[in-house]
1. Quick check: anything in region A:522-539 at pLDDT 95 or above and aromatic (F, W, Y)?
2. Quick one: how many residues across region A:115-132 are in contact with a Phe, Trp or Tyr (Cβ under 9 Å, 6 or more places away or on another chain) and within 11 Å of chain B (Cβ to nearest Cβ)?
3. Scan region A:35-73 for residues that are in contact (Cβ under 8 Å) with a residue 24 or more places away in the chain and either more than 18 Å from A:A399 (Cβ to Cβ) or β-branched (V, I, T) (or both) and report the count.
4. Can you say whether B:R463 is outside the structural domain of B:F345 (by TED's automatic domain parsing), within 20 Å of the chain's Cα centre (by Cα) and assigned to a loop (DSSP other than H, G, I, E, B), as far as the supplied structure shows?
5. What number of residues within region B:27-61 are touching a helix residue (DSSP H, G or I) at 6+ places or on another chain (Cβ under 8 Å), buried (at least 16 other Cβ atoms within 10 Å of the Cβ) and either among the aromatic types (F, W, Y) or assigned to a loop (DSSP other than H, G, I, E, B) (or both)?
6. Does region A:93-103 contain any residue that is over 30 Å from A:G213 (Cβ atoms) and surrounded by 13 or more Cβ atoms within 10 Å (Cβ to Cβ)?
7. For region B:625-637, what are the residues that are farther than 11 Å from B:D456 by Cα and out of contact with any Gly (no Cβ under 8 Å at 6 or more places or on another chain)?
8. Tell me the residue from B:L379, B:L396, B:L369 that is under 17 Å from the mean Cα position of the chain (by Cα), more than 30 Å from B:K433 (Cα to Cα) and buried (at least 24 other Cβ atoms within 10 Å of the Cβ), please.
Protein chains: 2
Amino acid sequence: MALEVEVTFQPEGKRVRVKLGETLLEAAKHVGADLTSICGGERTCGKCRVIVERERENAGSIMDVERKFLSSEEIAAGYRLACCTQLRGNLTVRIPEESRTGRQRLQVEGIETPVKLEPLINKYFLRLSKPSLQDPKADFEKLLEELQSQYGLNDLEISFDVLRRLPIILRDGEWKVTVTTWRNDTIIGVEPGDTTRRIFGYAVDIGTTKLAGYLLDLTTGKVVAVDSLMNPQIPYGEDVITRITYATKGVKEQKDLQQVIVNGVNQLLKGLLEKTDVNPEEVYEVVAVGNTAMHHLFLNICPKFLALSPYPPAIKRGLDVNAEKIGIQINPNGNVHVLPVIAGFVGADAVAVILATEMYKRDELCMALDIGTNTEVFLGNKDGIFACSCASGPALEGARIKYGMRAASGAIERVKIDLNTLDVNYWTIDNDKPHGICGSAMVDILAEMLKAGIIDVSGVMNRDLASDRLRSGKAGLEFVLVWREEAATKEDIVFTQNDIKEIILAKSAIHTGTMTLMRKKGIVEADIDILFIAGAFGSYIDPENARIIGMYPEVPLEKVKIVGNAAGTGARMALVSSAARNTTEEISKKVKYVELAAEPNFQSEFLNSYFLPYADLSRYPQTSELLKKLGRYPKRPPVYFPSKT
Amino acid sequence: MALEVEVTFQPEGKRVRVKLGETLLEAAKHVGADLTSICGGERTCGKCRVIVERERENAGSIMDVERKFLSSEEIAAGYRLACCTQLRGNLTVRIPEESRTGRQRLQVEGIETPVKLEPLINKYFLRLSKPSLQDPKADFEKLLEELQSQYGLNDLEISFDVLRRLPIILRDGEWKVTVTTWRNDTIIGVEPGDTTRRIFGYAVDIGTTKLAGYLLDLTTGKVVAVDSLMNPQIPYGEDVITRITYATKGVKEQKDLQQVIVNGVNQLLKGLLEKTDVNPEEVYEVVAVGNTAMHHLFLNICPKFLALSPYPPAIKRGLDVNAEKIGIQINPNGNVHVLPVIAGFVGADAVAVILATEMYKRDELCMALDIGTNTEVFLGNKDGIFACSCASGPALEGARIKYGMRAASGAIERVKIDLNTLDVNYWTIDNDKPHGICGSAMVDILAEMLKAGIIDVSGVMNRDLASDRLRSGKAGLEFVLVWREEAATKEDIVFTQNDIKEIILAKSAIHTGTMTLMRKKGIVEADIDILFIAGAFGSYIDPENARIIGMYPEVPLEKVKIVGNAAGTGARMALVSSAARNTTEEISKKVKYVELAAEPNFQSEFLNSYFLPYADLSRYPQTSELLKKLGRYPKRPPVYFPSKT
C-alpha cells in the first residue's frame, strides 16, 4: 500500500488524504478545493498559486518553472504553484483570493422565448378494478387497458424497475394510482394516490466554466428556481482541450471527469430542490446542453477525437439516457435528454441558442455570436443557417494576459480613458479594490486606446506618447491602468503590448468567422437585421467598443440584441415542449457547419482581421468616421488580402 | 458483530461460515450444497435428512417434529433434519444419497419443429471512409449512413455503452468494423474487423426443478451444445409456492432468489461455452421460458400475488431486458427475452409448448398436457385454444409419498405386477438398488394394482387379498413392492393406502382440467386428433397406464405424441426466428385461460375424477373393456355428478 499524506486547504478547511508524491493540484482535484488552474497541471499558466503556511519542507523544492511565475518575494513568503508542489508529508496551504474561482460572476438569465406547454412527462390518475377469479387479468395489462379507455393512450412500454414493484404499488394504492409517462409511450412511474400536480423538470446548461440550472414545474412550464455553480471540472483545466487531454489518459480519467461533472449537476439540483421543497423523485426529466466536449464528458463518451483534426463528434443527434445509469439524482427511472450537437466545436449549447433566438424560423437575416474560449458564429434565417467555431482562445478569460483574471470580485470590468489626459476610469466587480482585468474591460481598453491614440490600427503602442502611464516594462511597452496605491495587489496593474496582441488575436479569430460566414451566405454587414449576442461574456461587453475593435461586424447598435444565457433558454424550451425538442433535431441536421481551417481564404481573412477594426475599412464606415474625427484614421491604408474565389 | 460458526457439508466438502443460531438448511442454501428440501424449511416434508458425524453437541437438541420423520435408530446414528438443526458451534455433516438431488435424471431433448432462420441478432461488416476536414461527419452518423447505403438499414438506435467507445473502436479497426444489431433497429455492438460468422444465442428453460440450456449458432440455427442443471433455488423450496413465500419475506429475499437463479443460468451457460470454445461476448441474445413464478423470480418482479387468488401475473407480454442489468453473463449489451405468459399458473413455458407443437395453427384438434406439480392442459387448434392449470401437487415428484423420491439414481421408475402371483417386477434408474419410488412408477403401480384387483376403482385396497405383500402398517394397509433384502434402504419399500390417495388426488386434478376444457370446447375424447405429452415427467410415464388410471383422457395410443421438453424447443424457435417470437405474443393473447376454481362444475368434476379411471365409465370404453375382461369392472357403477349448465 502506498504511503499517504494529509493536505488541508485553507480558507475552506477542506482535508484530503492522497498518495505521497502526488501534487497539491491533484490533491485539490480530489477534494474539490476551489483552486484555479487554466492549463490543468501542464505547468504553463502559473495560475494555481498557493501559499504554504507551515511545514514547507513537506512541499519539496522550488522548480525552475515556478520562478517564471513567482517573484523572489513571493517565494520567500511561501508562494508555490500547486502543480509543481510534490507532497513529501502533511501540508497545510492557503489558496489566495486570486487563485480562487468561487466568487465569479455567473450569468443564468436569458431571454424568454414563449413555447406551447407540452412536456414529454405526463401524469394520469387511474381508478382500477380489483382482479377477480372471473377477471384475473395481469396487472400491467390491466393498467394498459385503463390508460387506453380513460386517456386514449395505446400500447405503452414500462420501465423494468417500475414493473418489478407494480403489483405492490397497485395494492398499496388500493387500485387508485398515478401513472407517469414519458413521451406518452413509456411508463416511468406508478405511485399510490393522485400526484398529478407534482411534475418537475430540470434544465441545465453545462458550460466549460459554469453550470446554470433551472428547476421547472412541468404542469405550468414556469421556472420555480434558478441557480448556478462553477464547473467543478475547472481544476482539471480551464479549457476544453486540457480536459479532453486529461480524459484521454485512460478509462479511469475519463470516468473521473464524468463523475465530477455529474456531481456538479447533482449539487446544483440539490440546491434548487432545497429552495422549493421539491423531492428528487418528483423530477422526471433533465434537459442538458453544453458544448460538444462537455456533452461527451458528461456522458462519458470518448472525447479524444474532438481534439484531433477534423474534430468529429462521436454522435450528433440528441440522446436519451436513463438518469440512474449516469448517476443523475432525479427519479431513478427519469430521463436525461442531451440536445443534439452540430459539430466537434459547435455543440448542444449552440443548438439551444438557435432554438431560443428562433433564427431558424425568422424572415429576418440574423447573426448570432456566443463568445468564449471558442466563439460560435451563426448566420442565417429560415432559409438556412451557417455555423462556425472560432478559436478565440482563453485570453478573454484572463489567460495569457499579464493581469488577466476571470469575472470575479475585484476584476476591472469596464475602462474609460480620457482622450486628452489619458487618465483611466475603471469599474470593478463588487466595487472591490482591483485585482486584475477581466475580458469585458480588455475590449474597452483596446477601443479606448485606439480612440486615444495610445495604439494604432495595427495595435502597436505609440512609444512617442508623453504619459507616465506608458512605459517600458520587462517585456516591452506597457500602459498603467491602476497605480499600485489603488490596487489590491500592491502592484501597478498594466496592460502590455503582448496583452494587446493576445486580444487582437482573439478578436481576429472571431472576425474571421463572421466574415467567412457572410461570404458563404453572399451578404454584407448591412444585410444583417439582428445581431444576437449570447452568453455571459457578451452580456458584459460594450457593443460599441466591440464594434470599434472589429470584434463585432459593423451593424447599427439598435440591431444588436443581447440575449444572455440563451443556451439555458433553449434547454428550458426543450424541457417543456416536445415540439421544441423535435426542432432541435432539425436544427442539428440543417445548420451547415463551416470548418474555417478548411476554407481557402482562412489565412488571408485572419490577417485582414488582425487590424482594428479590419483591413478593409470600408466595411466599417461608422468606425472609420469616428477614427477620422478623432484623427486616428490611418494615413496609409492597411494591407488587405482580397478573397480568392 | 454476530458470532460465526463453520459448517462443512460432505461428501462435497463445501464449507461455509454462518451466524451462530442459523439452521443447517440455511447454511446449505448459502453455500449451495446439494440438499433436497421440498417444503423449503417449513419443517413439513422431512426430506432434508443429514447425518451429523462429529461434534453432535453443536447441532442442538432434537426437535419433536424430527421424531415424526426419523426412527430412533436413525436418530441414534446421527440423522437430523437440516431445517431443525440450529448451529451452536462448528459442524461437519454428511448429506446421504437420498437427500441429494444432484444425480437426478434431467431431460433436455424435445421435438424438433423447423422454423425459418431469421434471428433478431445480425452482423454487418462495414468499410468506412476516414473523416476529413471536408467531411468531418460524426462517427455515429457516418456508421448509420453506411448501414443505410450498404445494407438498407434505416435509422438505428445504439446502445449507450457501445456509443461511448465507438470513436476508439472505429479507429482501432482502421475503419473496417462489424456492427451487431438487434431487431435491425438497435446497434448493440461494434467491433474491429470482420466477425460476421460469430453469432451465438442461448435458449434456457427455467423449470421449477431443472434448467435446460441450449447454445445455438445463430448463423446456422443449429444447436451446438446442450446441458442441464438442477434449479439452484431448490434449497429454498421444491415447489413454486414455497419459493414465492420465501421471496415475499422482503426485498432482500426476493433479490436473493433472483440471484440464485441467475447464477444457475450463468453456470449452465458457462459449461456450454467451455464445451464449444465460444466467448461470452459472442452470445448476444438469451430466450428464457419458465412458469410464471420462475418468470417473476428470474426477473426479480414481485411474485407475491401469484400465490394469492385470483393469482394475477404482474405482466403477460414478453419482456426484453438488458443482459447486464439482470446479471446474465453474455455480451453486456445483449438482450434477454422472456417469452410472454398466459396466466398466473400458465407461464412462458406453456406458450413455448404451444409454439413447439404448432397447436395454434393446426387443423387437427389437439390436447397437450405438461405434467408437474402444476399440470397445464391445452385444448384446441387454429380456431382457438383453451388452457388451464391443475394443482396436481408434488406427490408425483415424491413428496407426501412414504417412499417417494425424485427421478434420481436408485428410483424405481417402472413397475409390473403379476396378475396372478402379485409378484412385483421393477426397474430402477441407473439399475441401482432401489431407494424409493419416482412418479412414473407410481402411475404404473396404480394401474397394475387396479388390473390385479389389489385396489378397486375407488382406490381402496382389498384387505381380503391373500398375499403377504398386502399387510397392515402403522397408518393402515400397505403393499410391499420391494423386500428389504433387495432395497438399498434395508427396509421394505411399500406403497400405502395413503400414497394411493395422494396419486389419485393428483390424477383427479389433471383429469378435472381435461374434462373441463373438453366441455368448454364442446368436444369429447373421440374428437381429439393428437394428445401431446410434454415435459420430462410425461416422457417417462407409460401412456397406457396413465390412461387406465384416468390421468390421460382415453384416446387411442397412436394419437399420443410424446414431445419431451417442448418448452425448450419453443425457446429455441423463438431464439432463431423473429416470426416465431411474434407468434408467442399472439399465443399469449389468444389462448383463453380457464380458471378451474371459478368453474361451476369444478367440485363435482373433481369428485367424478376421483374414480379410476372416471366415474362415467362410458368415457373410457377401452379401459372398461379391459377391466371387464380382467373381472375388475365395478359391480355397482360409481357415483357420477352430471355437470350443471
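The values are calculated or read from the model by the stated rules, or taken from the named source; none is laboratory data. Please read all numbers here as calculations on a predicted model, not as lab measurements. Every residue, glycine among them, receives a Cβ derived from its backbone with ideal geometry; neighbour counts consider all protein chains shown.
1. Looking for residues that are at pLDDT 95 or above and aromatic (F, W, Y), one finds at least one in region A:522-539, hence yes.
2. So the answer is 2.
3. 12
4. Working: outside the structural domain of B:F345 (by TED's automatic domain parsing): yes; within 20 Å of the chain's Cα centre (by Cα): no; assigned to a loop (DSSP other than H, G, I, E, B): yes.
It is false that B:R463 is outside the structural domain of B:F345 (by TED's automatic domain parsing), within 20 Å of the chain's Cα centre (by Cα) and assigned to a loop (DSSP other than H, G, I, E, B).
5. Total meeting the criteria: 13.
6. First pass over region A:93-103, keeping only residues over 30 Å from A:G213 (Cβ atoms): A:93-94.
From what is left, the residues that are surrounded by 13 or more Cβ atoms within 10 Å (Cβ to Cβ) are A:93-94.
Yes: region A:93-103 contains one or more residues that are over 30 Å from A:G213 (Cβ atoms) and surrounded by 13 or more Cβ atoms within 10 Å (Cβ to Cβ).
7. B:E625, B:L626, B:K628, B:K629, B:R636, B:P637
8. Working: B:L379 fails: under 17 Å from the mean Cα position of the chain (by Cα); B:L396 fails: more than 30 Å from B:K433 (Cα to Cα).
Answer to the selection: B:L369.
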